[in-house]
1. Within segment 284-307, identify whether any single residue is at pLDDT 95 or above, in contact with a Ser or Thr (Cβ under 6 Å, 6 or more places away or on another chain) and in a helix (DSSP H, G or I), and answer yes or no.
2. Testing E105 on (1) touching a residue at least 60 places away in the same chain (Cβ under 8 Å); (2) among the charged types (D, E, K, R); (3) surrounded by fewer than 19 Cβ atoms within 10 Å (Cβ to Cβ), one condition comes back false. Which one is that?
3. When segment 313-333 is examined, which residues are found to be in contact with a helix residue (DSSP H, G or I) (Cβ under 6 Å, 6 or more places away or on another chain) and either among the aliphatic types (A, V, I, L, M) or within 15 Å of A23 (Cβ to Cβ) (or both)?
4. Report yes if R67 is under 29 Å from G302 (Cα atoms) and either open to solvent by 20 Å² or more (accessible area, probe 1.4 Å) or touching a helix residue (DSSP H, G or I) at 6+ places or on another chain (Cβ under 6 Å) (or both), otherwise no.
5. So which of R189, R234, R211 ends up being under 30 Å from the mean Cα position of the chain (by Cα) and within 30 Å of G277 (Cβ to Cβ)?
6. So A236 passes all but one of these: (1) modelled with pLDDT of 95 or more; (2) under 26 Å from L127 (Cα atoms). Which condition number does it fail?
7. Hey, can you tell me all the residues within segment 308-331 that are at negative phi, over 16 Å from the mean Cα position of the chain (by Cα) and not in a helix (DSSP H, G or I)?
8. From the list R234, R199, R189, which one is part of a helix (DSSP H, G or I), of a type in the set (K, R) and open to solvent by less than 70 Å² (accessible area, probe 1.4 Å)?
Amino acid sequence: MAYLRRLGLVDFRNYIRADVHLAGGITVFMGGNGEGKSNLLEAVYLAATGRSHRTAHEGEVIRHGSRATRVRAQVARRGRDEELEVTVNREAERTVIRMRVNGVEMPRGAVLGRLPVVVAGPWDLDLVRGPGGVRRRLLDGSLSQLSPAYFFALHRYHRVVVQRNAELRRRRGDGLEPWDAQLVALGVRITARRADHVRRIGPHATAWFERFGGRGNLEVVYRPSWQGSTDEERAAHARAELERMRADEYQRGVTLSGPHRDEVEFLLGGVPLRAHGSQGQWRTATLAVRLAERAVMAAEMGVRPVLLLDDALAELDPERQRKFLDAQDEGQTLVTATTLPPLARPVQAFRVEAGTLLEGEWSFPSAIS
């Protein structure tokens, strides 16, 4: 498994400094709202991916009154230790993020996957009820950790879309051909990888949903813009779609077909979960999908990602909370909560109060010390 041994923070959110030594298995961060529990998981995610899962503006993670923050993560993986470091600096009017591995600065794409993570939280209800971009990020987040090639293809694809949109707004008829060629070549690769990923996630999601007491058959369905069972078929369909939409694209000045408009749908008993499921079913389904994501990443990478549960269990009843946590018997799981039911075995635990941590233990007969 991938195992986070130690987390160090300087001027991160409400932490002036923190140095946390972590055990394997389950670690629980307990405390009231606003004390800093979620900030710890955000720091782990930032160290792993170079991005925050809570804000689109990483400068917000810098503690008020400071100009920079630093997160260090000591990671054990396949018998080796590495130190991942992320610094976020305010420089002039922009935010600069730098990533290092064992002191050597590296681009984000070279760091992704060194500490594989899967994060779940209350916002995951948007996987069911939110816009398609939320579900596309579900796929892209795990695939980027799995494959540097996917990450770079996705990055280049979005740059091509921006350049192609600019060409559409110029309304010239002879400038799209090179952008179309790149759009199709990159988009077909992305589509094929996403389709395979969803096929692998689906059975795991179905099994976890049933394990946690969900009623009905949960399915995860990928609906790409470009259809086909081979790259050649997808490319032919892509070129046909671009030609069909050409006039509308010139009128609107945006690219109307491609992976940036793909959709992922959750079905329960063959009908859309969004329209017919209860909020309890939504919550169980999204947790099942996150655990499916973790299982697929573990199978492909050979290491089990660290599972970050950011207040993700709050809406489950105590029995389902217990069942969920007791099922996490492999890999490392970091949990934030205001309260939890007694568990079947002792776990590492911290009380979080105003950016400080007190270590204790949470077990079946006792509460946190």
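The values are calculated or read from the model by the stated rules, or taken from the named source; none is laboratory data. Because the structure is a prediction, the values reported are computed rather than measured. Because the Cβ atoms are built from the backbone with ideal geometry, glycine has one as well, and the counts that use them run over all protein chains shown. We work out accessible area using only protein heavy atoms, side chains counted, and drop any ligands, DNA or RNA first. Shrake-Rupley method; radii C 1.70, N 1.55, O 1.52, S 1.80 Å.
1. There is at least one residue in segment 284-307 that is at pLDDT 95 or above, in contact with a Ser or Thr (Cβ under 6 Å, 6 or more places away or on another chain) and in a helix (DSSP H, G or I).
2. Checking E105 against (1) touching a residue at least 60 places away in the same chain (Cβ under 8 Å); (2) among the charged types (D, E, K, R); (3) surrounded by fewer than 19 Cβ atoms within 10 Å (Cβ to Cβ), the one that fails is (1).
3. Selection gives L313 alone.
4. So R67 fails the test.
5. Working: R189 fails: within 30 Å of G277 (Cβ to Cβ); R234 fails: within 30 Å of G277 (Cβ to Cβ).
Result of the check over R189, R234, R211: R211.
6. With respect to (1) modelled with pLDDT of 95 or more; (2) under 26 Å from L127 (Cα atoms), A236 is out only on (2).
7. Of the residues in segment 308-331, the ones at negative phi are 308-310, 312-330.
Subset that is over 16 Å from the mean Cα position of the chain (by Cα): 313-330.
Across segment 308-331, the qualifying residues are L313, A314, E315, L316, D317, A327, Q328, D329, E330.
8. Values: R199 fails: open to solvent by less than 70 Å² (accessible area, probe 1.4 Å); R189 fails: open to solvent by less than 70 Å² (accessible area, probe 1.4 Å).
None of the others qualify; the one that does is R234.
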